[in-house]
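Working notes for the structure below.
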Amino acid sequence: MSNRYAVILAAGQGTRMRSKLYKVLHRVCGKPMVQHVVDQVAKLNVANSVVIVGHGAEKVKEQLGEQVSYALQAEQLGTGHAVMQAESILGKKDGTTIVLCGDTPLITAETMEALFEYHQETGAKATVLTARAVDPTGYGRIVRNQSGAVERIVEQKDATEEELAIQEINTGTYCFDNAALFAALQHVGNDNAQGEYYLPDVIEILQKQNEVIAAYQTPSFDETIGVNDRIALANAEQIMKKRTNESLMRQGVTMIDPATTYISPDVVIGQDTVILPGTMITGKTVIGEECVIGPNSEIADCKIGNTTKIKQSVVHNSEVGSSVAIGPFAHIRPLSTIADDVKIGNFVEIKKTTFGKGSKASHLSYLGDAEIGANVNVGCGSITVNYDGENKYVTKIEDGSFIGCNANLIAPVTIGKNAYVAAGSTITNDVPDEALSIARERQTIKENYTQKSKGKKTK
Ligand code: UD1
Ligand code: CA
């Protein structure tokens with residue numbers, strides 16, 4: 001069992017965001033900030049991660065689920081007070097605790113691991129992760145003594161002119177000897193500009209007790225930015241986007257214009273797939289090899305095979321096979337399963353529908369709650385009538401059937417194997433295998449109608 005622990009601070013309201021959404025739930029590349037931090041921590045060998053929740057506790061818990069433990073900070077009295085709330089869970093443990101902020105979404109597991117290792121090597125009771133900022137405004141500054149050792153951290157609002165000029169900042173990430181951390185927290189006061197119990201004060205407290213304090217400076221300031229407002233949020237988005245896109249390109253994915261290609265960090269894309277501009281791919285999407293996605297497409301939580309093309313379309317929470325052609329302007333809604341070699345053309349909407357191998361709906365269809373077999377042709381403008389205002393019903397179209405243009409299939413209904421539905425039919429009863437069903441008014445012809453009607457008018 002590991003003797004490493006993690007505490008992630010996520011109780012703040014995030015006033016500077018000016019938002020109804022709690023700060024740590026704001027998304028960077030499609031994923032809430034606190035989820036980024038938790039996912040990176042999950043790559044480390046930690047025995048327990050405790051997330052401190054307060055503002056929006058229920059929403060944060062809903063997001064993170066059972067992968068972490070929670071401690072409630074009912075009143076937000078500062079970052080030191082926040083960590084103290086983990087005492088009932090971690091207070092008696094022997095080991096090392098990493099403390100992170102839920103608003104530093106770019107920090108990586110590699111940097112956390114390096115911090116742990118540095119902390120171990122130096123034998124320090126506390127190690128703060130620092131970075132050099134070109135513009136340190138807003139961050140706590142690292143105050144070192146003449147010999148270069150860390151003495152304390154001073155917040156922007158409490159700093160003197162001289163201290164404000166320091167460019168080495170506190171990233172808000174630390175490693176502590178667990179026992180020393182909770183002992184020192186007892187001594188943190190709130191006599192400062194914000195009247196808060198500051199976690200960084202633990203450094204000065206331990207330093208004054210002659211404990212070894214270390215600072216590990218990461219060369220990557222970008223990785224450590226704290227998101228307090230929407231400007232920093234946009235900045236974080238740019239940095240993460242670049243990181244994610246470059247990693248995918250290194251793995252063999254082509255991007256015509258990475259600047260307009262938005263891909264969440266958990267997305268997996270195979271070699272020689274081309275992503276065209278204006279495309280957004282999010283969630284746990286997995287895309288195979290040699291696909292062409294975009295331009296201007298939105299794909300979320302999908303599994304897509306190889307050599308599939310999706311252009312100007314939206315595909316959500318669905319499975320799409322190999323060599324499928326989707327779009328332009330198709331909408332595949334959740335819980336659809338599309339087999340290999342399918343064609344879904346312009347202005348086709350599909351919802352909770354399975355589409356068998358080689359089937360086609362090339363133009364202007366709505367197919368909802370349908371089970372469509374293999375090699376079915378759904379003609380232009382044909383739809384499933386799946387909803388009676390109260391309930392949804394299933395339409396089955398079996399292998400090899402041909403649905404003529406502009407047919408209404410009123411569910412529940414089954415079209416048998418190799419059957420035909422005539423264009424313009426409104427089908428209310430099952431159609432047997434191999435049959436043709438015509439369900440429309442017969443055409444009538446009124447001879448010489450034009451002349452007769454003109455005659456009437458002139459009378
Ligand atoms: C904090 C640090 C600062 C550091 C910066 C790095 C303190 C006092 N200051 O400042 O030195 O440079 O992070 O980004 O720690 N939180 C709680 N409960 C609270 C207060 C805050 O859970 O009572 C959480 C917030 O939700 C947030 C994190 O702690 O995720 C940091 O709080 P924030 O108010 O953003 O601190 P900063 O002013 O950025
Ligand atoms: Ca912050």
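The values are calculated or read from the model by the stated rules, or taken from the named source; none is laboratory data. Every value quoted in this text rests on a predicted model; they were computed, and no experiment measured them. With ideal geometry, Cβ positions are generated from the backbone for all residues, glycine too; neighbour counts draw on all protein chains shown. Each accessible area value is taken on the protein alone, full model and side chains, heavy atoms only, with ligands, DNA and RNA left out. Shrake-Rupley method; radii C 1.70, N 1.55, O 1.52, S 1.80 Å.
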Query raised in the report: Between the stretch 404-459 and the stretch 170-195, what's the alpha-carbon centroid distance in Å?
Result: 78 Å
Query raised in the report: Using the C-alpha atoms of the chain, what convex hull volume per residue, in cubic angstrom, is computed?
Result: 222 Å³
Query raised in the report: Okay, helix-only estimate at 222 nm for the chain: each DSSP H run of n ≥ 4 adds -39500 (n - 2.57), divide by all residues, round to 500 deg cm²/dmol; what do you get?
Result: -5500 deg cm²/dmol
**Report entry** Highest-first arrangement of 223-232, 25-34, 433-442, 97-106, where packing means the average Cβ count within 10 Å
**Finding:** 97-106, 25-34, 223-232, 433-442
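Given charges of +1 on the Cβ of Lys and Arg and -1 on the Cβ of Asp and Glu, with all other atoms neutral, how large is the dipole of the chain about its Cα centre, in debye to the nearest 20? If you can, show how the numbers build up before the last one.
Values: 45 positive and 53 negative charges, 560 e Å.
For the chain, the charge dipole is close to 2680 debye.
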Requested in this report: Could you go through the stretch 386-397 in sequence order and give the Karplus-derived ³J(HN,Hα) for each residue, using 6.51 cos²θ - 1.76 cosθ + 1.60 with θ = phi - 60°, rounded to whole Hz, and x for Gly and Pro?
Outcome: 9, 9, 9, x, 10, 10, 9, 10, 8, 10, 10, 10
Query raised in the report: Relative contact order, percent, of the stretch 252-437 when contacts are C-alpha pairs under 8 Å separated by at least 6 residues?
Result: 10 percent
Report task. Can you bin the stretch 252-437 into rounded, prolate or oblate? Criterion: square roots of the alpha carbon gyration tensor eigenvalues sorted a ≥ b ≥ c, rounded for a/c under 1.5, prolate for a/b above b/c, oblate for the rest. Result -> prolate
**Report entry** Largest-first ordering by accessible area, 1.4 Å probe, given options C175, C405
**Finding:** C405, C175
Report task. Read phi for every residue in the stretch 50-55 and hand back ³J(HN,Hα) as whole Hz from Karplus 6.51 cos²θ - 1.76 cosθ + 1.60, θ = phi - 60°, with x for Gly and Pro. Result -> 10, 9, 8, 10, x, 4
Query - Highest-first arrangement of 346-359, 159-172, where packing means the average Cβ count within 10 Å - result: 346-359, 159-172
Query raised in the report: Which FRET efficiency, nearest 0.05, do Q146 and A109 yield, Cβ-Cβ r, R0 41 Å?
Result: 0.70
Report summary line: Reported to the nearest 10 Å², V394 has, with a 1.4 Å probe, an accessible area equal to 60 Å²
Query raised in the report: Which FRET efficiency value, to the nearest 0.05, is calculated for D94 and E211 with the Förster distance at 22 angstrom and r the Cβ-Cβ distance?
Result: 0.85
Query raised in the report: If you average the sequence gap of Cα pairs under 8 Å that are 6 or more apart and divide by the length of the stretch 4-224, what percent do you get for the contact order?
Result: 24 percent
Requested in this report: Would you please give the residues with an amide H less than 5 Å from that of I256, counting only those at least 5 places away or on a separate chain, with H modeled from the backbone geometry?
Outcome: I275
Report summary line: Restricting to lysines and to Cα separations under 29 Å from K157, and discarding same-chain partners fewer than 8 apart, the set is K20, K23, K125, K208
Query - Mean separation of Cα contacts under 8 Å (6+ apart) over length of the chain, as relative contact order % - result: 8 percent
Query raised in the report: Shape call for the stretch 4-224 from the C-alpha gyration tensor, a ≥ b ≥ c root eigenvalues: rounded (a/c under 1.5), prolate (a/b greater than b/c) or oblate?
Result: rounded
**Report entry** Solvent exposure, largest accessible area first (probe 1.4 Å, DNA, RNA and ligands not counted), of R16, R141, R250
**Finding:** R250, R16, R141
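For the stretch 387-432, rounded, prolate or oblate, judged on the Cα gyration tensor with a ≥ b ≥ c (square roots of eigenvalues), a/c < 1.5 rounded, else prolate if a/b > b/c?
Note, shape of the stretch 387-432 comes out oblate.
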Query raised in the report: Using θ = phi - 60° and the Karplus form 6.51 cos²θ - 1.76 cosθ + 1.60, what ³J(HN,Hα) does each residue of the stretch 151-160 get, whole Hz, x for Gly and Pro?
Result: 9, 6, 10, 10, 6, 3, 6, 9, 7, 7
Query raised in the report: Given a Förster radius of 22 Å and the C-beta distance between E58 and D229 as r, what FRET efficiency does 1/(1 + (r/R0)^6) yield to the nearest 0.05?
Result: 0.35
